[in-house]
Each structure stands twice: as structure tokens, then as C-alpha cells.
1. If you scan the stretch 207-231, which residues turn out to be out of contact with any strand residue (DSSP E or B) (no Cβ under 9 Å at 6 or more places or on another chain) and either within 18 Å of residue 165 (Cα to Cα) or at pLDDT below 95 (or both)?
2. Within the stretch 217-240, how many residues turn out to be under 23 Å from residue 157 (Cα atoms) and surrounded by 15 or more Cβ atoms within 10 Å (Cβ to Cβ)?
3. Within the stretch 108-148, which residues are surrounded by fewer than 18 Cβ atoms within 10 Å (Cβ to Cβ) and under 24 Å from the mean Cα position of the chain (by Cα)?
4. If you take the residues in the stretch 241-256 that are closer than 30 Å to residue 213 by Cβ and surrounded by 14 or more Cβ atoms within 10 Å (Cβ to Cβ), which one is farthest from the chain's Cα centre (by Cα)?
5. Within the stretch 188-195, is there a residue that is crowded, with 20+ Cβ neighbours inside 10 Å, assigned by TED's automatic domain parsing to the domain that holds residue 137 and either out of contact with any helix residue (DSSP H, G or I) (no Cβ under 7 Å at 6 or more places or on another chain) or farther than 21 Å from residue 136 by Cα (or both)?
6. Pull out all pairs, ordered by first then second residue, where Cβ-Cβ is under 9 Å, the residues are six or more apart or on different chains, the first lies in the stretch 220-245 and is over 15 Å from residue 94 (Cβ atoms), and the second is part of a strand (DSSP E or B) and at pLDDT below 90.
7. Can you tell me which of (1) surrounded by 13 or more Cβ atoms within 10 Å (Cβ to Cβ); (2) under 26 Å from residue 93 (Cα atoms); (3) modelled with pLDDT of 95 or more is the one residue 165 doesn't meet?
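The values are calculated or read from the model by the stated rules, or taken from the named source; none is laboratory data. Quick caveat, the model's predicted, so the values are computed rather than measured. No Cβ is skipped: glycine too gets one built from the backbone with ideal geometry, and neighbour counts run over all protein chains shown.
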């Protein structure tokens, strides 16, 4: 009688003889591989689109100088203007020939002070050369429009008779605007800065410079500045549109 080990070997050999060649169906495996590749490609594509989108948004924020998500910024555009308000439909305040300008004058706003340091007659048929001196109680960089865009008014008994660069003819209440081009200068205690504004030649109708220089004591110069806003080491000196937002109004008489 064969031993148990021999009996098991004979049975295994018999089973091996009857068994078919090993095989398996590859269709299901190929389908699973294709699905995995498709999902991987889709995930990679979505990640690529997300990266490109983030770079595009960030670049838009850098180029536009605004928030990288909303696209909005804290600094206004290069042009500043006024028009009828959306809520009231009323025309904004503007500088109009013949209107009264009753601002009493203010030489300081926060750390900044200003004054008309010089009004010089250039000729009998042109406006005076005007110089404004700025000072501050601490070191600061002032960001403002160029001197030629700072607003000047010529007044006679408190009534506007000339000035610029913003000045409307009599009865014209249409909105005014200037290009708010950035300029600036540095201030520190004991180190004031002079701004040479040059002349403003515009006069209201029927008035001439020869008439003004014939009686200069009847006229005064008002330099309208502001609004003023402190931002750490920087101070912004805005364009006064509308006139009521001015922070500084410094006045001086015309030279005799």
C-alpha cells in the first residue's frame, strides 16, 4: 500500500494533467487602466487650469495696482472729474466766475502747514508769479499734483474774478476735471519746501490785467489745497473737487 506522501503526489500529478493552461481575460483590466489614466489626466488638467488662473489673476492685480481678487485698488485713476450725483441729480460744486468764495482761509491741516510766501508782478498784462511754502511737524513725503495743477483763485471783495486751472464762465455749472498726475516733495521739521506755481492767466469776462494792476489792493490771491490725508510716512495733497473739500486755503494780497 503506498504511503500517504506518495498518494498525495499522485493525486497532484493527476490534477495537473487535467488542468488547462493558465489564462485570464484582459478586457476588464484594460478598461480599468484606461479609466485610471482618464481620471489622472483630468485631474492634471484641472490643476493646470487652476495654476494658470491664479497666475493670471495675480498678474492682473500687479499690473492694475489693485486687489488681486476683486481688481479694485485704493488709488483713483489718472483722471479726476465731477458730474451730477447719481442720487440727487444735482450739479456738483464748481468754481464759477462771479460766485462768492467765502472760505475764511486755513493755513494748517494736521501736520501740514502752508502759506503764500511770494506774489510777484511779472508784467502789466499777465498774472502774478505765485509761490507757496509748505512745512510739516515731522518728516513726511508729500504726494500731490504738479504745481501747475494746484488751484488758484483771484478774488475781489470775496467774489471769484479769475484763477485756474479749474474755472467756469459765469453761470456754467458743468463738472470740472483735471489730470491728477502724481508729483511730490519731501518735508521735515526745519526744512520747508517752496512750490513755484507760476501765474494763472484766466480772468472772468470784461476784466483785464491792466485793470487789476491799476488797483491791486482791491484783489487777493487764494490758493486752494487739499483734501489732506496722512498715510504713515506719506501725506497726500488732493485736488479740491468739489471746492468744499479743500483742507487748506491760503490767501495773500496782490502786490502794489
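1. Correct list: 208 only.
2. 8
3. Those that are surrounded by fewer than 18 Cβ atoms within 10 Å (Cβ to Cβ) and under 24 Å from the mean Cα position of the chain (by Cα): 110, 111, 139, 141, 143, 146, 147, 148.
4. Start the filter on the stretch 241-256 by keeping residues that are closer than 30 Å to residue 213 by Cβ, which leaves 243, 246, 248-256.
Right, trim to surrounded by 14 or more Cβ atoms within 10 Å (Cβ to Cβ) and you get 243, 246, 248-252, 254.
Details: 243: 20, 246: 18, 248: 21, 249: 24, 250: 26, 251: 29, 252: 32, 254: 36 Å.
By that ranking, first place goes to 254.
5. Of all residues in the stretch 188-195, those crowded, with 20+ Cβ neighbours inside 10 Å come to 195.
The next check asks that each one be assigned by TED's automatic domain parsing to the domain that holds residue 137; those that pass are 195.
Adding the requirement that they be either out of contact with any helix residue (DSSP H, G or I) (no Cβ under 7 Å at 6 or more places or on another chain) or farther than 21 Å from residue 136 by Cα (or both) leaves none.
No, that holds for no residue.
6. Filtered contacts from the stretch 220-245: 238/80.
7. It is condition (3) that residue 165 fails.
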